[in-house]
1. Pairs, please: C-beta under 6 Å, at least 6 apart or cross-chain, first residue under 12 Å from A:LYS132 (Cα atoms) and in contact (Cβ under 8 Å) with a residue 40 or more places away in the chain and in the stretch B:76-88, second surrounded by 17 or more Cβ atoms within 10 Å (Cβ to Cβ) and among the hydroxyl-bearing types (Ser, Thr, Tyr)?
2. Can you pull out the residues in the stretch A:33-63 that are surrounded by fewer than 19 Cβ atoms within 10 Å (Cβ to Cβ) and of a type in the set (D, E, K, R)?
3. Can you go through B:ILE90, B:ILE103 and tell me which one is more than 24 Å from the chain's Cα centre (by Cα), of a type in the set (Val, Ile, Thr) and either more than 17 Å from B:ILE145 (Cβ to Cβ) or buried (at least 24 other Cβ atoms within 10 Å of the Cβ) (or both)?
4. Identify all residues within the stretch B:284-325 that are at pLDDT below 75, surrounded by fewer than 18 Cβ atoms within 10 Å (Cβ to Cβ) and either within 14 Å of chain A (Cβ to nearest Cβ) or touching a strand residue (DSSP E or B) at 6+ places or on another chain (Cβ under 7 Å) (or both); write none if there are none.
5. Among (1) modelled with pLDDT under 90; (2) surrounded by 15 or more Cβ atoms within 10 Å (Cβ to Cβ); (3) under 18 Å from B:ILE145 (Cα atoms), there is one condition B:VAL97 misses while meeting the rest; what is its number?
6. Can you spot a residue in the stretch A:37-55 that is closer than 20 Å to B:ILE90 by Cα and of a type in the set (Phe, Trp, Tyr)?
7. Only one of A:ALA35, A:ALA20, A:ALA61 is among the aliphatic types (A, V, I, L, M), in contact (Cβ under 8 Å) with a residue 24 or more places away in the chain and under 30 Å from A:SER156 (Cα atoms). Can you tell me which?
8. Among B:VAL140, B:VAL148, B:VAL100, B:VAL84, which is within 28 Å of A:GLN31 (Cα to Cα), hydrophobic (A, V, I, L, M, F, W, C) and not in a helix (DSSP H, G or I)?
Amino acid sequence: MVALWIILGIIVVLLFAFIAMYNGLVGLRNQVKNAWAQIDVQLKRRYDLIPNLVETVKGYAKHEREVFENVTKARNMAQAAGAAGAAERGKLEGELSSALTRLLAVAEAYPELKANQNFLALQEELSSTENKISFSRQFYNDSVLRYNNQTQMFPSNIIASMGGFKASEFFEVTVPEEKNPPKVSFS
Amino acid sequence: MWEQIRSNQLRSAMLVVIMGILLLLVGYFLGLYFFNSALGGLAIAAVIWAFMGLIAFFQGDSILLGVSGARKIEKADDPRLYNVVEEMSIASGLPKVPDVYIINDPALNAFATGRDPNKAAVAITSGLRDQLNRDELQGVIAHEIGHVKNRDVLLMAISAVMLGTIVIISWYATRFMFWGGGRRSSRNNEGGGAIQAVLLIIGLILLILAPIAAQLIYLAISRKREYLADASSALYTRYPEGLASALEKLANSNTQVRAANQATAPMYTINPFGKKRAVTDWMSTHPPIAERIRILRAMAGNSYADYEKAYQQMHRGQGIVPKSALGTG
């Protein structure tokens, strides 16, 4: 009789541990999904800002056609790859970032442009959006790390494989320049 | 994040529980002395506590923002400040961007409020806003958002209310005693007199010491949370130097926040009373700024583990960051 109760107790404890770990995994997986959606929001914001910025810079620096074309091309390619995996998107977004950096570097050479209020506002928006992209990526990667740890570490890995929780992909940027993003700072 | 919050709560919960016991004891002796019934005192303590608690819970943030003269701003008013708050909410994974407030004051300070991450607000003085560059602003805002994320605002509100209740009860109780209050003596039978007298002396001592003890516990909780918010700031910005250099500017300024008082002090980034009051470590709501800067600059990386290591080097191996949080960043 006592043995029966002990076995029953162990089963109940295991059941609770199972539920807690399963729910923990679901929570982490949702956090990863949500963080990924956050990156999307910021990337979209950047796509929307670029045509505006290109138009403004064009008004002052007509001769830099190649730079404009590169930015627009990189933007369209990145936008078209919206449904691709983290690795592919990371590469395209990295290219867009470096094209934008060149555009802003070009703008430096035009003093009238740098005095334009519209341009200054756009520049703050763009550099903040760049920051938001990298912070949302940072949060996404932190979330993926926690989630992947849970799916691979004992004992939650047992539940992860039973429940079909697969490890997620990190969002890494593959263009070398992007590893040290140029800080646009106006203090 | 969840495990981190839970363990933070556990760690500070001990101190809060001690404060709660103190509150119960004060109520117990109050009842014993004035009403001949310990239960009556406990009930009074509970009613005062619940009343103040409800006000703090539902009105605390608007009272705090109102008292400090803070004005809510929209993105168009200050795009950069607003952007920085948005960036740090994203980095910390807050569900909603906090409201942004400006306090028209040349002093350098900032604070966060809001009982849960969905109803948070950050406020910054115009003086600080003007003096910081973008990286420093990011560090300060990240520190405030760290308070929100670690649920410090709620924790500090709970402890402040307990402290307030203890102070109020003890203050009135001791005043009434000196006026010769207390209706106990004559109706008691003689037998239990000695025990009763001893109990009452203990009670009197407790009523006098409780506010001081509660204050010290409150300060200890507050300082702990400051270190933790610094660690969070480094983790979110991945750039501890930003906050370190902002703290340096704060340390070098000597204007006090006009609208600050004892109760709201722990909400600020640095002690709003500045250096004018010669306070020793354990009498202060905030750790010494120089030490906070040293820890931030000694960090080898940007994670909680790096902060923990830097902190330990300065405190003979004693840690500050909860163990469960160390693996997460």
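The values are calculated or read from the model by the stated rules, or taken from the named source; none is laboratory data. Predicted model, so just to flag it, every value in this text is computed and none were measured. Note: ideal-geometry Cβ built from the backbone for every residue, glycine included; neighbour counts use all protein chains shown.
1. Filtered contacts from the stretch B:76-88: B:MET88/B:TYR236.
2. A:LYS33, A:ASP40, A:LYS44, A:ARG45, A:ASP48, A:GLU55, A:LYS58, A:LYS62
3. B:ILE90
4. Answer for the stretch B:284-325, where residues must be at pLDDT below 75, surrounded by fewer than 18 Cβ atoms within 10 Å (Cβ to Cβ) and either within 14 Å of chain A (Cβ to nearest Cβ) or touching a strand residue (DSSP E or B) at 6+ places or on another chain (Cβ under 7 Å) (or both): just B:SER324.
5. All conditions pass for B:VAL97, except number (1).
6. yes
7. A:ALA35
8. B:VAL100
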